[in-house]
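Asks: Here it is, the structure in full.
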Amino acid sequence: MRVTFWGTRGSIPAPGRATIRYGGNTSCVEVRSDNGTLVICDSGTGIRELGLHLMATSEPVRGHLLFSHTHWDHIQGWPFFTPALAKGNEFTLHAVASAQVSLETALANQMQYTYFPITLDEMNADITFEEIREGTFSIDGVKITPHRLNHTTDCLGFRIEADGRTLVYASDTEPHGFDGRAQRAKGGGIGPELAHEADRAFAEFVEGADLLVMDAQYTDAEYVEKRGWGHSTTNYATDVAVLGGVARMALFHHDPTHSDAAVDSIVKHARKRAAAYHSGVEIYGAAEGLSIPL
Ligand SMILES: [Zn+2]
Ligand SMILES: [Zn+2]
C-alpha cells in the first residue's frame, strides 16, 4: 500500500511562502493498494493536482472516494477533478448515510450555476454514490471500517486495510474530554490517559495502524479558545497514537494560520511528548507531495 498527500491543510487553502513545505491545499490523500485499487480520502483542493496526475498516468481512471464529511475543505476540489469530466472513467463516492444532506446533493449544490459553470450532471465519468452504514465493507480487495468522529457535523474516520497494512485516516475530530495534561503514572514514568470512554474507543479504532493520519489543527494553547470547533490538539493526537500503539503518525489538517515554522514546532512538541512516554511512534507533519510506502 502507498499513501500520498495531495492536500494537508484544514479549513481553507493557505498558499504562499510561509506554507511552502507543508503545503496550502486542503484535505486529499491518495491510497493505492498493491493490486492498483485507488482510494481517495476527501476531495479538498489537493484533488485537482491528483486528477492531473491520474489523467497523465492511467487510462481509464477508476477509483473510490471516501468522504469524511461535506465541509468545504473536504469537497471544494471536486469540480476541478478532471478525471470526473471524462467519459470512460469510473468513480464510486462513499459518504455517511445519516448526513443531513446527502453527498450527492452537497456536491450538486456547490456546482450550481451561481457558483460554477459545470453542473454535477454534466460530469461525464460514470459516478455512483454509496451510503456508508455501520460496519466494515470491502472495495476491490481493500477493507474499510468507518468510525464516527466527534465533529460539528456527521463525520467519519476510516480504517483502511490492504496488503497486510493498515492506514487510519482521521480528519476533523475533537476530543470528547481532554484537558491536555491527562497522564498517569506508569512503572516509574508516565503514560497517556484518556478519561472519556469515547476517546478510548477512538484509540482502539486506530490500534496498531502502520500510519495514522490525524487531525492536529490546534496547539493545546489555541484549543482553549477553539473548544467545540471540532478539531484536535497536538497533545490529544499524540496520546491517541501512543495508546493505540500506532507505528507512525502524520499530523494533518494544519491550521491555515500555521506557517511551516509553526508546524515544525508542533511536530517537535509531539515528538517530545511521545518520547516522555518512551513510545516508539514516529511522528511527522503531513506535507503535500509526501508519498509513503507502508
Ligand atoms: Zn476540515
Ligand atoms: Zn470539518
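Asks: Within the stretch 144-166, which residues are over 20 Å from Thr4 (Cβ atoms) and open to solvent by 50 Å² or more (accessible area, probe 1.4 Å)?
Replies: Answer for the stretch 144-166, where residues must be over 20 Å from Thr4 (Cβ atoms) and open to solvent by 50 Å² or more (accessible area, probe 1.4 Å): Arg148, Thr152.
Asks: Another one. Scan the stretch 175-183 and tell me whether some residue there is among the acidic types (Asp, Glu), crowded, with 16+ Cβ neighbours inside 10 Å and farther than 30 Å from Ala86 by Cβ.
Replies: no
Asks: Name the residue that is nearest to ligand 1 (Cβ to nearest atom), counting only residues in the stretch 65-87 that are within 21 Å of Ser171 (Cα to Cα) and polar (S, T, N, Q).
Replies: Ranking the qualifying residues of the stretch 65-87, first place goes to Ser68.
Residue-wise test of (1) within 25 Å of Gly7 (Cβ to Cβ); (2) of a type in the set (Gly, Ala, Ser); (3) crowded, with 24+ Cβ neighbours inside 10 Å.
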residue: Leu194; (1), (2), (3): no, no, no
residue: Tyr218; (1), (2), (3): yes, no, yes
residue: Ala221; (1), (2), (3): no, yes, no
residue: Ser232; (1), (2), (3): yes, yes, yes
residue: Val242; (1), (2), (3): no, no, no
residue: Phe252; (1), (2), (3): yes, no, yes
residue: His269; (1), (2), (3): yes, no, no
residue: Glu282; (1), (2), (3): yes, no, no
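Asks: Something else now. List every residue pair whose Cβ atoms lie under 9 Å apart, where the two residues are 6 or more positions apart in sequence or sit on different chains, the first residue falls within the stretch 25-54 and is closer than 13 Å to Val213 by Cβ and modelled with pLDDT of 95 or more, and the second residue, located anywhere, is basic (Lys, Arg) and not in a strand (DSSP E or B).
Replies: What qualifies is Cys28/Arg48.
Asks: Which count do you get for residues in the stretch 44-64 that are touching a His at 6+ places or on another chain (Cβ under 7 Å) and more than 12 Å from ligand 1 (Cβ to nearest atom)?
Replies: The qualifying residues number 1.
Asks: Continuing with the same structure: Which of the following residues is under 15 Å from the mean Cα position of the chain (by Cα) and assigned to a helix (DSSP H, G or I): Ala221, Ala237, Ala250?
Replies: Matching residue, one of Ala221, Ala237, Ala250: Ala237.
The values are calculated or read from the model by the stated rules, or taken from the named source; none is laboratory data. Just so it is clear, the model here is predicted, and its values are computed rather than measured. Note that each Cβ is placed from the backbone with ideal geometry, even for glycine, and that neighbours are counted across all protein chains shown. Note: accessible area is taken over every heavy atom of the protein model, side chains too, but ligands, DNA and RNA are not part of it. Shrake-Rupley method; radii C 1.70, N 1.55, O 1.52, S 1.80 Å.
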